């Protein structure tokens, strides 16, 4: 089964989160989809555009695979775009951004673990789990859950300030 934690981050929180990730070792970050292959990887210190990202600690062996959305796809705006097709089987942490606007939607950090790989993983599962746990510890230490929100996210400082001001 997969593992996840609900999170709410704003750009300032994301910058601190990315700094933590880079300090833990080399990582590569990909957008879930992009109009071209050259726009998939996030190279700067900020995530910028997008709602879903995949974080790969490169200490774990894996090769990202990209596929192109078919020209007859139902979402016209995404036809011809490229997407990361093997994220659910790799040593990858999925980050979905929190949406504050109505209807609100919790962000999350998600690891597929064994959910999408019934035959097992091709990477060191205990080592990746230890890395994943270090990410959770960082989020729990820096974030705060609100008692008024049952099963709510861990709000990191900038997101908590925005939530408290609302």
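Read-outs throughout are calculated quantities, based only on the coordinates presented, and are distinct from any laboratory measurement. All values derive from a computational prediction rather than experimental measurement. Don't worry about glycine lacking a Cβ; one is built from the backbone with ideal geometry, like all the others, and counts go over all protein chains shown.
Between 135, 27, 69, the residue with the greatest mean-square fluctuation in the GNM of the chain (Cα pairs under 10 Å linked by springs) is 69.
Measuring how big segment 1-81 is from its alpha-carbon positions, Rg and Dmax come out at 14.5, 42 Å. Each Cα pair under 8 Å and six or more residues apart adds its separation to the average, and for the chain the resulting relative contact order is 30 percent. With 0.36 nm allotted per residue and the present C-alpha distance subtracted, the residue 162-residue 51 stretch has 38.1 nm of extension available.
Per residue of the chain, the DSSP helices (runs of n ≥ 4 H) give a summed -39500 (n - 2.57) that works out to -7500 deg cm²/dmol at 222 nm. Here the gap between residue 144 and residue 28, fully extended at 0.36 nm per residue and compared with their Cα-Cα distance, gives a gain of 39.1 nm.
Shown is the FRET efficiency for residue 99 and residue 61, computed with R0 = 25 Å from the Cβ-Cβ distance and rounded to the nearest 0.05: 0.15.
Binning all Cα-Cα separations of the chain at 5 Å, short to long from zero, yields these whole-percent fractions: 2, 8, 16, 20, 19, 16, 11, 6, 1, 0. Shape of segment 46-119 from the C-alpha gyration tensor: oblate (a/c of 1.5 or more and a/b not above b/c, with a ≥ b ≥ c the square roots of its eigenvalues). A full extension of the chain between residue 16 and residue 130 corresponds to an added length of 39.0 nm, given 0.36 nm per residue minus the alpha carbon distance. Residues considered: 26, 45, 104. Largest GNM mean-square fluctuation over the chain, using C-alpha springs under 10 Å, is found at 104.
Taking the DSSP bridge list for the chain and keeping only pairs wholly inside it, about 95 percent are antiparallel. The value of relative contact order for segment 1-85, using C-alpha pairs under 8 Å at least six residues apart, is 29 percent.
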